[in-house]
1. From the list F192, F180, F141, exactly one residue is in a helix (DSSP H, G or I) and at pLDDT 85 or above. Which is it?
2. Being buried (at least 16 other Cβ atoms within 10 Å of the Cβ) and within 18 Å of T51 (Cβ to Cβ) narrows it down to one of T197, T229, so name that one.
3. For W95, work out the one condition from (1) surrounded by fewer than 23 Cβ atoms within 10 Å (Cβ to Cβ); (2) modelled with pLDDT of 85 or more it doesn't fulfil.
4. Could you check, for the range 236-248, whether at least one of its residues is at pLDDT 75 or above, assigned to a helix (DSSP H, G or I) and more than 27 Å from T182 (Cα to Cα)?
5. Restricting the range 158-186 to residues that are crowded, with 19+ Cβ neighbours inside 10 Å and among the small types (G, A, S), which is farthest from I35 (Cα to Cα)?
6. When the range 214-230 is examined, which residues are found to be touching a residue at least 12 places away in the same chain (Cβ under 8 Å), over 23 Å from L13 (Cα atoms), among the hydroxyl-bearing types (S, T, Y) and part of a helix (DSSP H, G or I)?
7. Take the residues in the range 261-281 that are surrounded by 14 or more Cβ atoms within 10 Å (Cβ to Cβ) and in a loop (DSSP other than H, G, I, E, B), then tell me which one is modelled with the highest pLDDT.
8. Can you find even one residue in the range 207-223 that is closer than 26 Å to Q57 by Cα, surrounded by 17 or more Cβ atoms within 10 Å (Cβ to Cβ) and in contact with a Leu (Cβ under 8 Å, 6 or more places away or on another chain)?
Amino acid sequence: MKPSVTGAICLSLAASIWGSMYVVSKYVLDFVPPITLVCFRYMIAFAILYTLLKREQWKNKKHEKIQLKDWLLLGWIGFIGYFISIALQFMGTKWSDAHTGALITSATPAFMVLFAWIILKEALTARKILSLVLATIGVIFIVGYNPYLGTYFWGSIILVGAAITWALLSVYVKVASLRFSTLVITTYAIGFAVIFTIPWMVWELKTHPLVLESSSVILGILYLGIVATAGAFFLWNKGLELMDASIGSLFFFFQPVVGAFLGWFVLHEELNSNFFMGGFFILMGVLVVTIQPRRK
């Protein structure tokens, strides 16, 4: 499959939006608990995407037939990716910082190599193994070691889990795209994520306060639901549909660039040497697996 210009634009926009998401969520999380914020953004996103899906089906007079095994696949995507991974992202960002969250989760393409080998039976070459090793070294540099095991350390560990589960999601989205449109996959997977998230939100609100008095907090929630979820998830899934996963994964690196810049510019976060050293190793790991040598 040749790289698609449209696919490249979709993936670039999605990753850039997610980079900005870390800054917005870092602010909103001071007023809204993490699981509750995840549930809010999914409710908003599902309402928008479901309306668009039904409008498209009515316009084209075409309804995809979804069998039980397909519902299980869509439910799994919603659970492991849109529930587990995003919840880990929000919790990790709350306990660390925006630029670290954006950079650690950018190791996702390297983890995609491992899951593609396990699930899709793609060959695990020396180049792919080197990519995994470099990305892992980069993550270790960023996470570092804190003998007192403070919240920043645990936040970074949680973000590693977010990167791994998002890689798993991306592989299964590629599987589902062979049968369903991007809009169908994104809509129903987010719908399942709402179902999985609501019970945890109810439990969380019993012990954590919810403050929605500020208009900026409400605008932040709307941005996360409409732009960073409905829009960015659709763009990412569409990009994966139009491009090979190994090539498309390279565009994930727009996320830490945007996230680090906005974290420094808006939140005045400091970027230390470990951040840049870890970013270098992660970048090398992603480039090793995504840029193939030109054949004569």
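1. From the options F192, F180, F141, the qualifying one is F192.
2. Residue meeting the stated conditions: T229.
3. (2)
4. no
5. Top of the filtered list is A176.
6. Within the range 214-230, just S216 meets the criteria.
7. The selected residue is V266.
8. The answer is no; no qualifying residue exists.
The values are calculated or read from the model by the stated rules, or taken from the named source; none is laboratory data. Quantities reported herein were computed from a predicted structural model and do not represent experimental measurements. Note: ideal-geometry Cβ built from the backbone for every residue, glycine included; neighbour counts use all protein chains shown.
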